[in-house]
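The structure under discussion appears below in the form of structure tokens.
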Amino acid sequence: MSYNPDKHHRRSIRLKGYDYGQAGAYYVTICCYQRQCLLGEIVDGVMHPNLIGATVEAVWNNLPHHFPFIELDAFVLMPNHVHGIIIINENENNVDNQELLASKSTSKNSLSNGTKSGSLGAIIQNFKSTATRRVNRLNRSSGTLWQRDYYEEIIRNEKAYENIRHYILENPLNCNEDEEYLINKSPIL
């Protein structure tokens with residue numbers, strides 16, 4: 001099938017004009033491909049990761065080694081997705097607004113030619129590809145572990161941070177309210 005821009009287009013769910021490389025706190029949700037329960041199971045409100053889940057969690061915890069300017073905050077592994085908070089600190093990849101405006105005037109669309117180094121997108125891209133490679137190596141297979149894209153929310157204040165952090169940490173206790181989990185409860189692998 002050939003590419004048809006009228007049919008084959010992806011609309012970004014990112015905040016238009018926002019620099020996702022700037023310092024700040026970001027809440028992310030990354031779902032398994034077709035929301036399959038690949039990462040383990042929840043028993044009595046406690047997540048029990050399988051080998052795939054433990055591998056995914058190890059990759060997540062290793063992110064600061066690849067991106068030393070980030071800190072990881074609350075994280076939860078669920079059977080068919082992960083939630084986490086990533087804090088991007090000031091670093092050489094951050095571009096302040098004046099530099100960004102200056103670069104836009106000298107070279108149009110300079111940031112639209114791929115994922116910006118050090119941005120939230122680059123961090124998630126690294127996480128998803130590394131986790132997929134490691135899981136495929138474990139399973140001696142090749143395949144897709146994650147859905148395309150991910151959900152993100154810019155954490156703008158302390159109240160939002162506390163609410164999101166609470167939601168993440170309590171997520172395994174609330175899994176029976178998640179229709180996607182109940183539908184896909186029987187693990188594929």
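Each reported figure results from applying straightforward, stated rules to the coordinates on display, with no laboratory input. Computed from a prediction, not measured in an experiment: that's the story for all the values here. FYI the Cβ positions are ideal-geometry reconstructions off the backbone, even for glycines, and counts take in every protein chain you see.
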Surrounding charge for Ile85, neighbours by C-beta under 10 angstrom, Lys/Arg +1, Asp/Glu -1, total -2
So, over other residues within a Cβ distance under 14 Å of Asn126, counting Lys, Arg +1 and Asp, Glu -1, the net charge is +4
Please sort 18-25, 154-161 by packing, taking for each peptide the average over its residues of neighbouring beta carbons within 10 angstrom, highest first.
18-25, 154-161
Less than 10 Å Cβ to Cβ from Pro49, Lys/Arg counted +1 and Asp/Glu -1: what total charge do the surrounding residues give?
-2
Val43 versus Tyr18: modelled label distance in nm, points set 7 Å from Cα along the beta carbon direction:
3.9 nm
